[in-house]
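Below is one structure, written out as structure tokens, with a few remarks after it.
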Amino acid sequence: MSLLSEYNKIAEFYDKNYKKLMIIPFVIILFSTSFLIFHKISSGDFFYKDISLRGGISVTFSVNQENKQLEENLVKILGTEDVNVRELRDAISQKIKGYEVQIGGDIDKETIFSALSEIMGFEINETNSSFGKQTALINSSFIWDNLVLLFIAFLFVTLVAFYYFKSVTPALTIIISTFMDIINILAVLTLFKIKIGIGSIGGLLMIIGFSSDSDILISTYILKRKGKMLDKIKKAFFTEFTMELAAYVTFTIMYLFSSIGIIKHIALILLIGTFSDAINSWLFSAAVQRLYVEGKKK
Amino acid sequence: MKKFLKDFRIILLIISLIMSFFFIHVGNLRQGVFVQSTRNPASQCMPSGVILTSINDHEITNLTDYYSYVEGISNETVRVRFVQEKLPYFYSKEQTCAFLPLTVNNKTYLGIGVQNLKLTRIDFGTEIEGGVKVLLEPERKLSQEEVAITMNVLEQRLNVFGIKEMPITYVNDLSGNQYFKIEFAGGTMEEVKSLLEQAGHFEARIGNETVFAGNDVLDVCLIGTQSNPCAQVVPISSENGIVNRFSFTVYLTEEAAKRFAEITSKLSEVGIEPNCYLNQTIDFYIDNIPVEGGKLNIACDMKNKTITTPSITGVRKSKKDAQSEMRRLQAILKSGNLPSKLSIVQTEKVSPSLGKSFAKNTLIVFLFAIIMVDLVIALRYKKLKIVLPIILVSLSEIFITLGVAALIHWTIDLAGIAGIIASVGTGVDDQIVITDEVIRGGEAKEVIGVKQRIKKAFGIVFASFAVMLATMLPLFWSHAGLLKGFAVTTIIATSVGILITRPAYGKIIEKILKG
């Protein structure tokens, strides 16, 4: 079968060149880290924050006519650049179903409702829309809290990995590889000016789980199974590939067809994360584990 | 085959599926409205959790029916008919009863909180069903006691409206920030704001005379200390054995104290010391609704005394009940003054129609995701006898997850749905690991039994479960519990996978490849 032989070719290429290929994840993580640091220096923040972190108002309303100038007009009328408009579309027909508008800062809701009514040409008020308000008050400790959360998650994962492999190197490698995924996700989101909010944390934690999961799988094949290395790699490759394909498919569908902000956002994080994980698991984590076993044999 | 069906893993899967079917309770096709809560006076004859079908022989088929009929109801005896489900799908009991409604602010008050009948028992929360969510933060850090009092005060205030169910939850996060979350279906934000800003009008009456009202209460002792035991629960012995008596001091204005002396002087004494009480009780009202259990005896030695610091006492069998009753009464009396001012930090209102379109969209995304993942699996394994079990097992996993959520009354919010969809993708992963391990073991030179291979595969599966659990647990302390829904659904889904569906899948695949 041609697909299988392609597969074998890739595995064989990987088997021969895995040491050289290690450069790729290092270049990527170097880029991501320096980009985030650059962003921090130039704008004061590592990443963009959405209104769930900074305070603001969100309004979601139904409409069946597109309005391309909605964002532009809102910026004009409200006199703030801090406006985010998201289209809600039908999952099947892709027809416009409504808009989700997020406005940061301290503009009161009456002003926003009247601006929206004026632009859309019909009355938008509290009864025919969904409306959310977030004061900046809630966010004072958010970043710190979530750093602690991520740290606890990492700690737990390290313990599990250490317990499973009974050895420090694989456990540490898995954690580093997962951590690199998180940095890459943040960098990609910031690169595309996508704002990070409370929902993002859920996605990030899920990626920690998913990514360490695939690392454990590959490591198990490399460290715990018997047989020739190339065979083990091929097997792990095949299983991992199917798993990742299933994950990509789910997350892509979630991202493309969901009209709900938080689901779309979590899906995007999972997509970027899975992609970064494919690179880091194979080119970094698996390679290090292999150097580790082969070093041990000598 | 017989042996296969007798395997405990298969039995467990089948039982779980059947139980979930009961818990989710699909297809409630009755006509009527769901009674979410009952309060005085309706609570005298009708429990909550039943289906109200008619009032005064007027058929109630939906919420609009209910409200339009209740709007014009007079304050004469009300007869209600309701259905109580004893065993879902099989047996329900129809009952009727009658009670006398109260009049509050010139309106007839029944004390019934209703909701539209739902198609299933799964609770989707305000984000999908439409409603209002408010997050309140106290101005300073509250102690556990104060948190309990605040909850009570809020509850009392919100219950004053009585018509709608408004659950209040307390959430805190890692940094020790404290929040109170109020969520309810229907209604507007203005309604909630006015509720929180207004104090329920409090009155204490003896007979028909008002002794003191909310503005006469200068303060209420909330927490007693060793040196000043102005609020305490102590065990005392009585005819019925050991019981717990609570007492707490309220600080009244001079006028109120005089009024108390004047009114009590007219009352006669009943019984002899120490069980001597005046012939009328002191009754508490909030916005003219009598407080349940708000009738207190007045000890004889209080008669005709100008007391500015009377103690309010009561007796309950258990210490816990006595404590909670004391808190409730403290809350009522202190209702005007919360331990700390609360400010609204987050408000959210979802219109029911948008919620419905969200739900529809999510369902489509959900189905689409499942179909596509199955397609990937089908392309990979190409054998129907492998593909079909994988699909069926992952569908059971979702179904049992929903069953568990319905059982523990867990609200599935949008983030929770994201968790479930994502688990579809990752849940299938483990099945792939198991399948690959089993198929490959057969091809490899190392000849080991199918059982052995499945055991090996489960090593990976268990490790991945431990990892998922490890990453989701911290979310319990996450910001204001906002992502708890996500964490809980993911944990339920993965636990169902590891405990029920994956072992069953292992058994199924073993049977298929062996047979």
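The values are calculated or read from the model by the stated rules, or taken from the named source; none is laboratory data. Please read these numbers as outputs of a predicted model, since none were measured by experiment. Neighbour counts are summed over all protein chains in view; Cβ atoms, including those assigned to glycine, are modelled from backbone coordinates with ideal geometry.
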Exercise for the section: Scan region A:97-104 and give yes if some residue there is away from chain B (no Cβ under 12 Å), buried (at least 16 other Cβ atoms within 10 Å of the Cβ) and under 13 Å from residue A:260 (Cα atoms), otherwise no. Expected result: yes
Practice task
Please report, ordered by residue number, the strands (runs of 3 or more DSSP E) entirely within region A:82-161 with at least 3 residues that are closer than 30 Å to residue A:172 by Cβ.
Solution key: none
Practice task
Give me the pairs, please: first residue somewhere in region A:211-231 and surrounded by fewer than 24 Cβ atoms within 10 Å (Cβ to Cβ), second residue anywhere and outside any helix (DSSP H, G or I), beta-carbon distance under 7 Å, and either six or more positions apart or on two chains.
Solution key: A:226/B:446
Fill in the blank from the handout: In region A:246-298, anything among the hydroxyl-bearing types (Ser, Thr, Tyr) and either part of a helix (DSSP H, G or I) or surrounded by fewer than 22 Cβ atoms within 10 Å (Cβ to Cβ) (or both) is listed as A:248, A:250, A:252, A:255, A:274, A:276, A:281, A:285, A:292
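Each row is one residue, and each column tells you yes or no for (1) more than 9 Å from every other protein chain (Cβ to nearest Cβ); (2) without any contact (Cβ under 8 Å) to a residue 24 or more places away in the chain; (3) in contact with a strand residue (DSSP E or B) (Cβ under 8 Å, 6 or more places away or on another chain).
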{"site": "B:396", "(1), (2), (3)": "yes, no, no"}
{"site": "B:407", "(1), (2), (3)": "yes, no, no"}
{"site": "B:412", "(1), (2), (3)": "yes, no, yes"}
{"site": "B:415", "(1), (2), (3)": "no, no, no"}
{"site": "B:419", "(1), (2), (3)": "no, no, no"}
{"site": "B:429", "(1), (2), (3)": "no, no, no"}
{"site": "B:434", "(1), (2), (3)": "yes, no, no"}
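Can residue B:89 be described as within 29 Å of residue B:408 (Cα to Cα), modelled with pLDDT under 85, in a helix (DSSP H, G or I) and not assigned by TED's automatic domain parsing to the domain that holds residue B:493?
So residue B:89 does not fit the description; no.
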Exercise for the section: Please find, within region A:29-48, the residue that is surrounded by the fewest Cβ atoms within 10 Å (Cβ to Cβ) out of those that are under 16 Å from the mean Cα position of the chain (by Cα) and either among the hydroxyl-bearing types (Ser, Thr, Tyr) or farther than 16 Å from residue A:192 by Cα (or both). Expected result: A:33
Exercise for the section: Could you please let me know if residue A:243 is surrounded by 24 or more Cβ atoms within 10 Å (Cβ to Cβ) and within 18 Å of residue A:11 (Cα to Cα)? Expected result: yes
Exercise for the section: Please enumerate the residues belonging to region A:167-196 that are surrounded by fewer than 21 Cβ atoms within 10 Å (Cβ to Cβ) and not in a helix (DSSP H, G or I). Expected result: A:167, A:192, A:193, A:194, A:195
Practice task
May I ask you to verify whether residue A:108 is over 24 Å from residue A:262 (Cβ atoms), surrounded by fewer than 20 Cβ atoms within 10 Å (Cβ to Cβ) and within 14 Å of chain B (Cβ to nearest Cβ)?
Solution key: yes
Exercise for the section: Out of B:87, B:63, report the one residue that is exposed (fewer than 11 other Cβ atoms within 10 Å of the Cβ) and among the aliphatic types (A, V, I, L, M). Expected result: B:87
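Residue-wise test of (1) loosely packed, with under 15 Cβ neighbours inside 10 Å; (2) outside any loop (DSSP other than H, G, I, E, B).
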{"site": "B:13", "(1), (2)": "no, yes"}
{"site": "B:31", "(1), (2)": "yes, no"}
{"site": "B:34", "(1), (2)": "no, yes"}
{"site": "B:46", "(1), (2)": "no, no"}
Exercise for the section: Give the residues of region A:7-24 that are more than 17 Å from residue A:289 (Cα to Cα) and free of Cβ contacts under 8 Å to residues at least 40 places away in the same chain, sorted by residue number. Expected result: A:9, A:13
Problem - Selection within region B:344-376 - more than 7 Å from chain A (Cβ to nearest Cβ) and farther than 27 Å from residue B:122 by Cβ - result: B:344, B:375
